[in-house]
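Encoded as structure tokens, the structure appears first; notes follow it.
The values are calculated or read from the model by the stated rules, or taken from the named source; none is laboratory data. Bear in mind that the values here come from a model prediction, so they are computed numbers and not experimental data. Here the Cβ positions follow ideal geometry from the backbone for every residue, glycine too, while neighbour counts run over all protein chains shown.
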Amino acid sequence: MARVHLGDKHVTQEDIDNWKSQRGYDKPLFVNSERSGLDVVTDTIFFDKSIRLLAFDFGKSDEGRSIANDIEERMWPSLALQIPTFIIGIMVNICFALIIVMFRASLFEFAALTLCVGMLSISAVFYIIGGQFFFSKLWNLVPISGYLTGWDAIQFLILPIIIGVIAGVGAGTRLYRTIFIEEASKDYMRTARAKGVSELNILFKHLLPNGMIPILTSVVVVIPTLFMGSLLMESFFGIPGLGSYTLDAIQAQDFAIVRSMVFLGAVLYIIGLLLTDISYTLVDPRVKLS
Amino acid sequence: MILPVVLWSDILIFALAIAVGLFVWQVRKNPLAKARWRTVFENKVGVTSFVIILFYVLISLVDSLHFREPLPQLEGENASDKVAYSSEVKSVLDLVLVNLEEGAETTYSAPFALYSFAKENMTAEDGTVYRDFPRLENGGSHLADEADHLWDIFGKSIQAILVGLIIGFIPVALHMWLRKRAGNTEDYIPWNVAYGTFIALVVISTWILMVSEYYHILGTDKVGQDVLYQSIKAIRTGVLIGTLATLVTLPIAIVLGISAGYFKGWVDDTVQFIYTTLSSIPGILLIAASVLLIDVYIETNPEAFNLTILRSDFKFIALCAILGLISWTTLCRLLRAETLKVSQLDYVQAAHAFGVSHSGVIRKHILPNVTHIILISVVLDFSAFVLAEAVLSYIGVGVDPNMHSWGNMINAARSELSRDPSVWWSVTSAFILMFTLVLAANLFSDEVRNAFDPRTAKGN
């Protein structure tokens, strides 16, 4: 590992040892028998590098930069890309799903579903390549990649957001349609029809609020992980977010960063699970925390 | 004589084919399962997508028969001497695609092009040097007059399509005749659709094989290799990664999922703990870390991998295993929930009361009732893994760069597209072949779901 960082040429064993001791990789993995007392377990690679993460002390990357600072700096581009993609994506998917449900058992439904299957059979990579090719290269609407801070960032973000939404439409619409269809076959829908409620009212006053329960709870788990950024989008569009940070770290074999990001990802996922449980009790009065 | 080369992935894919065969044979004996599968194959979409998947699988099976050709004997050697073999491993598919593989150019060329994509320095007859697009060495080299270019493509295509139609119709006619003679009245498969798909595939294949003798149908890449050849060779990688990774997920997910739902208590807690932990770790990071480990292992044991193909094959199998090991959690969770539900049902309670052993209850009463979940997720996972391969190769933790794969082609295409004029054919050809496979798998999984999911199944 040290050799990767120091390069191939003119590396002596001394240099390597030096590099290791500066970053604390010369310590034993779990048990340090050379020390006494509590230091036996605390002066080790495992404690130094991993236990500290529990207190969100990320330490320094192998390049010597502070990881906490890097994360703070890079989370804003990630969030600027992920949050709009997420919100617009859900809204578009729900709209499409509702329209499809409205035209149940028609040729339109068949065509829309076929389109959905087609769209979800295309790899996300193709959407990105295609989008960059047509929007940026052929039509010169937006720059291909790069990033600026402040409001200038919009021109760089708009294409990734559009592509992110389109790439998710196929799978999302299909999923929400199944949820709505299941909801539409329940008794209260029939009662509403029997009472003579108009079809549009049924759709928006009865179907939408009830269908939102499973949708919301399935979506909540994703919210904290939005923070981690999108690996693919960020590296294709050159956005300096957390996703491309992780990718660069993998390629440079910078384990300090990778370790921190794995830890962060795991924590955020657990927060997501917790939020899911809480949101159940909020949106569905039938579920109570015991 | 040729020297057969057996790779681990070859063994696995043939073992898998045999296992699927046994499964089909088993299904024939089970009336309920037979009825369910029947609804899949009664459907036109189901039959079409099945035939297409079968075609892809056949190509990858043919591509899995590897061998090494003997080198031509040097002068002064006896025939009885030890034969030296070429270090290049070929497959039976290469023999079929010999037109595509041979006749490489020097660099990029567009589909059906006559001239190279890049200008080169050339010397005219009078000795002056000028820059122009050089004529391709093999693309359309038979043409006497270049004005005939389009007509020639048209003529060759018509000829190839006619030949394809004839080749396609022979087995179809034979099968029709056999069916008529057997007088099978309760036929439920829409045979006409199956015939149509079959003939279409045969016509496309013959067209590719015949026209590629004269032209590069989808152009050539940076080093002048035929793009279509690469994307066809990549079929094996795609199909294998889909099937092998799914195969790895199955036993783990089934054993852990069912035992968690059935035994409950501490078993359930442990299994839940394992899959929550696993799914909380970002998947791509885990894959990247494991791939780094494998690279180190290969570097420390170079003597075990004396052929390039052995090395890339080992890396490939390891990648499938890793993919499988980190993605069993979804299926496991589904199986656990379903088993919890099923094991509360009256007939399972009755079986307990009769003193049936745990293994007996699981095998006879629980497993058959969760099969639909397994089947649906197998087909869905397959397409997910094929798509994942593209993303992984892009990040640099995918299959070996020496292996033909759609991911590697897409990866190369990024720089090709930014050239001016852009090189679009490489990514297009990867896109078409990948899209067809994934679409067929997705459509088939929809049909399987409709037939097997008790909530949507009609009739039975």
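Where residues in the range A:96-121 are modelled with pLDDT of 85 or more and under 13 Å from residue A:166 (Cβ atoms), which of them is nearest to the chain's Cα centre (by Cα)? So, considering only residues that are modelled with pLDDT of 85 or more and under 13 Å from residue A:166 (Cβ atoms), the one nearest to the chain's Cα centre (by Cα) is A:119. For the range B:224-338, the helices (runs of 4 or more DSSP H) that sit wholly inside it and include 2 or more residues that are of a type in the set (Asp, Glu) are B:265-280, B:283-300. Among the candidates B:429, B:415, B:359, B:343, which residue alone is closer than 20 Å to residue A:236 by Cβ, more than 11 Å from chain A (Cβ to nearest Cβ) and among the hydroxyl-bearing types (Ser, Thr, Tyr)? Answer to the selection: B:415. Looking only at residues in the range B:271-284 that are more than 7 Å from chain A (Cβ to nearest Cβ), more than 15 Å from residue B:253 (Cβ to Cβ) and without any contact (Cβ under 8 Å) to a residue 24 or more places away in the chain, the one that is surrounded by the fewest Cβ atoms within 10 Å (Cβ to Cβ) is B:273. Listed by position, the helices (runs of 4 or more DSSP H) contained in the range B:339-445 that have at least 1 residues being buried (at least 23 other Cβ atoms within 10 Å of the Cβ) are B:367-395, B:406-417. Residue A:197 meets each of the listed conditions (1) in a helix (DSSP H, G or I); (2) modelled with pLDDT of 80 or more; (3) farther than 25 Å from residue A:156 by Cβ apart from (1). Scanning the range A:109-126 for residues that are surrounded by 20 or more Cβ atoms within 10 Å (Cβ to Cβ) and more than 9 Å from chain B (Cβ to nearest Cβ) gives a single hit, A:116. Quick check, is residue A:86 modelled with pLDDT of 85 or more and either within 27 Å of residue A:218 (Cα to Cα) or part of a helix (DSSP H, G or I) (or both)? Yes, satisfied. Every test in (1) in contact with an Asp or Glu (Cβ under 8 Å, 6 or more places away or on another chain); (2) within 12 Å of chain B (Cβ to nearest Cβ) is passed by residue A:213 save one, and that test is (2). Check off (1) within 18 Å of residue A:171 (Cβ to Cβ); (2) within 14 Å of chain B (Cβ to nearest Cβ) for residue A:132 and give me the number that stays unchecked. The one condition residue A:132 does not meet is (1). Of all residues in the range B:285-294, those being farther than 15 Å from residue B:315 by Cβ and surrounded by 20 or more Cβ atoms within 10 Å (Cβ to Cβ) number 1. Checked against (1) surrounded by fewer than 22 Cβ atoms within 10 Å (Cβ to Cβ); (2) of a type outside the set (D, E, K, R); (3) over 11 Å from the mean Cα position of the chain (by Cα), residue A:268 passes all but condition (3).
It is to be established whether one or more residues within the range B:293-304 are within 14 Å of chain A (Cβ to nearest Cβ), closer than 25 Å to residue A:267 by Cβ and free of Cβ contacts under 8 Å to residues at least 40 places away in the same chain. Looking through the range B:293-304, at least one residue is within 14 Å of chain A (Cβ to nearest Cβ), closer than 25 Å to residue A:267 by Cβ and free of Cβ contacts under 8 Å to residues at least 40 places away in the same chain.
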